[in-house]
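The values are calculated or read from the model by the stated rules, or taken from the named source; none is laboratory data. This structure is a prediction, so every number in the text was calculated from the model and none was measured. Methodologically, a virtual Cβ is constructed for each residue, glycine included, from the backbone with ideal geometry; neighbour enumeration extends over all protein chains shown. These accessible areas exclude ligands, DNA and RNA; they are computed on the full protein's heavy atoms, side chains included. Shrake-Rupley method; radii C 1.70, N 1.55, O 1.52, S 1.80 Å.
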Amino acid sequence: METLRVWFYDPVQDTHGIFNKMVAYADPPFCHCELQFEDTTACSIYVGSKVIMKQRQFDPKYYTAVQLRVPREKADLAYALCLEKLNSGVSF
């Protein structure tokens, strides 16, 4: 089994992200989420950008994690899908 983490961003303490605050106001408390794999690679997409994948950490001051235990094959499929979207240049 593998652990996938879905990190939900709460913009309450964000001093710059007005768009994030508007989204969270419409459907509180979070505005977006990011998927992180066991090797700390996260898959993300932001307004005006393309899908990105990079190793990163999430500050629990701003993010809340939901951990999903999934079979290795499912984690590999999720990773492959993220890579496919990255390599095909999917944008928001």
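With the other protein chains left in place, how much accessible area per residue, in square angstrom, belongs to the chain at a 1.4 angstrom probe? Don't skip to the answer; put the middle values down first.
Details: 6170 Å² over 92 residues.
Result: 67 Å² per residue.
What angle, in degrees between 0 and 90 and rounded to the nearest 10, separates the Cα long axis of helix 72-87 from the longest principal axis of the Cα atoms of the chain?
Tilt relative to the chain: about 60 degrees.
Summarise the accessible area of the chain (1.4 Å probe, protein heavy atoms) by the percent that is carbon and sulfur.
On the way: 3660 of 6170 Å².
Here carbon and sulfur together make up 59 percent of the probe-accessible area.
What spacing in nm lies between the two simple spin-label points modelled at Y46 and K74, each 7 Å away from Cα in the Cβ direction?
Here the modelled spin labels are 3.0 nm apart.
As an exercise, identify the GluC sites (Glu not before Pro) in the chain lying in DSSP coil whose Cβ has no more than 14 other Cβ atoms within 10 Å.
On the way: sites: E2, E34, E38, E73, E84; in loops: E38.
Hits after loop and neighbour filter: E38.
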